[in-house]
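Rule-based calculations on the coordinates, nothing more; no lab input. What you are looking at is a predicted structure, and each value in this text was computed from that prediction instead of being measured. No Cβ is skipped: glycine too gets one built from the backbone with ideal geometry, and neighbour counts run over all protein chains shown.
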Amino acid sequence: MNIPQLTDFTEASLDAAFAAVRSEADATVAAPGFDAEQFRLEWLGRKQGHLKAISDAWLKAAPPEAKKLIGQRFNALKEQIEGSLASAGTAETKPAAAGLDVTLPGSAQRLGVEHPLVRTMAEIVGVFQRMGYSVGLGPEVESDFYNFESLNFPPNHPARDTQDTLVVAEQEGKPLRERLLMRTHTSPVQIRSMLEQAPPLRLVIPGKVHRNDAADATHSPVFHQVEGLCVDTNITFSDLKGTLDHAMKAFFGSAVKTRFFPSFFPFTEPSADVQISCIFCGGKGCRKCKHSGWIELLGCGMVDPAVFEAVNKRRIELGRDPVYDTRRISGFAFGMGVDRIAMMKYGISDIGLLYSGDMRFLEQFA
Ligand code: PHE
């Protein structure tokens, strides 16, 4: 390529000089039989490329006052040439127009799909959104206060043993309530939400949780929960039963029945475990339900007044009104394991598959 020497450094004549180079590059790209690799060598080659020659002849040789104007145009030219090379594709994907072989198979664009856990979580959340619930989120690295203390797990209380977790190292200098850990459940987001909002409140909280559990076919140290919280005046246990019964029917099908058993959680009183009639045998008894006809699915209960008190106390510390008046308001909460539900729904026998990243497993959900 012929690179004339620059003598006139006005913007107009610089523009013209660069435009001439540009149109030569464009013509090469557009020509039939265009070879991207050859073009790259010719234009961008470090030692012999046209751009290197232009840089030597125009930029390096320019008088100091013209360097800025030339430099800007040079950079723009370089970007344009790199851009046309990128959009022209590689030599393999842009055959010469004359030699285009329409009988070759096309290159399929494969669509991604949601991970089965993400899909299950979204479906559960959707059931509650259709009942007017909104969605809340919170951090996975949580303080001892939100994960335990405010939820009525006092320091050293044995209830903490049921949710052993992984803690952030080297925090011995901090007061216990400020120490950071991986949250063991989504319940701390109940507290965070009540600090931000006054009642009434209807929330579902999907998210990842962590426990110091050894991995086996049904346990993973990382898993997922969907939490629910409903707080208003006159919320009763029958509201809790009706809501969860409806949700289970909406999710698993209208033939599903629910039953509630007494249970214990520090932050609900009374507490219950909820079972659904076995979705595999319809309640007759099979291997999946260990011949009982029922499958245990979630924990729930009425919000313990101690939780409202903890929220009020913290709200005062934050300069907010203590609006969770336990004489006027009540609420229910529930929490369910997403992984177990996804495993039931898709017939997955080992929870580890959900975290393996194994394409042979994941492709089955495409
Ligand atoms: N957070 C409890 C758990 O992880 C579940 C739960 C949530 C129970 C809300 C009652 C109310 O075990």
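With neighbours defined as other Cβ atoms within 10 Å of a residue's Cβ, the residues F9, F267, F18 order from fewest to most as F9, F18, F267. In the chain, helices alone account for a calculated mean residue ellipticity at 222 nm of -10500 deg cm²/dmol, with every DSSP H run of four or more residues adding -39,500 (n - 2.57). This model, with +1 at the C-beta of Lys and Arg and -1 at the C-beta of Asp and Glu, gives the stretch 116-365 a dipole about its Cα centre of some 840 debye.
For the stretch 73-84, backbone phi angles converted through the Karplus equation (6.51, -1.76, 1.60; θ = phi - 60°) give residue-by-residue couplings of 5, 5, 5, 4, 4, 4, 4, 5, 5, 5, x, 5 Hz, Gly and Pro being listed as x. Panel order for L6, L100, by other beta carbons found within 10 Å of each beta carbon, from fewest to most: L100, L6.
The stretch between V113 and M359, if pulled fully straight at 0.36 nm per residue, gains 87.4 nm over its current Cα-Cα span. Before anything else, pin down the relative contact order of the stretch 11-95: Cα pairs under 8 Å, at least 6 apart, normalised by residue count, whole percent. Rounded, it is 39 percent for the stretch 11-95. Taking all Cα pairs closer than 8 Å and separated by 6 or more residues, the relative contact order of the stretch 244-322 comes to 22 percent. The distance linking the stretch 166-195 with the stretch 294-332 is 18 Å (Cα centroid to Cα centroid, whole angstrom).
Here the Kirkwood formula puts the hydrodynamic radius of the stretch 251-366 at 17.2 Å, using every distinct Cα pair. Placing a label point 7 Å from the Cα of T233 along the Cα-to-Cβ direction, the residues of the stretch 182-203 whose backbone N falls under 17 Å from that point are 198-202. Between K78 and A27, the modelled labels are 2.5 nm apart [label points 7 Å from Cα along Cα→Cβ]. To make sure I understand the rule: partners must be lysines, Cα under 25 Å from the Cα of K241, and not fewer than 8 residues away in the same chain. Which ones qualify? Cα-Cα hits under 25 Å: K249, K257, K284, K288, K290, K345.
Between the stretch 1-43 and the stretch 50-85, the C-alpha centres lie 11 angstrom from each other. For the stretch 166-236, a simple Cβ point-charge model (Lys and Arg +1, Asp and Glu -1, everything else neutral) yields a dipole of about 100 debye relative to the Cα centre. Legend note: in the chain, cysteines whose Cβ sits 4.7 Å or more from every other cysteine Cβ are C230, C300. Computed extension length for E178-L69: 33.5 nm, one decimal, from 0.36 nm per residue of separation with the Cα-Cα distance subtracted. What is the stretch 116-365 by shape, rounded, prolate or oblate, if you read a ≥ b ≥ c off the alpha carbon gyration tensor as root eigenvalues and call it rounded for a/c under 1.5, prolate for a/b larger than b/c, and oblate otherwise? Cα axes put the stretch 116-365 in the oblate bin.
The label-point distance for S87 and L59, in a model that sets each label 7 Å from Cα toward Cβ, rounds to 2.3 nm. Counting beta carbons within 10 Å around each of T28, T7, T120 and listing the fewest first gives the order T7, T28, T120.
Working from Cα pairs under 8 Å separated by at least six residues, relative contact order for the chain is 14 percent.
Summarising the label geometry, the points placed 7 Å from Cα in the beta-carbon direction at S263 and T10 lie 8.4 nm from one another.
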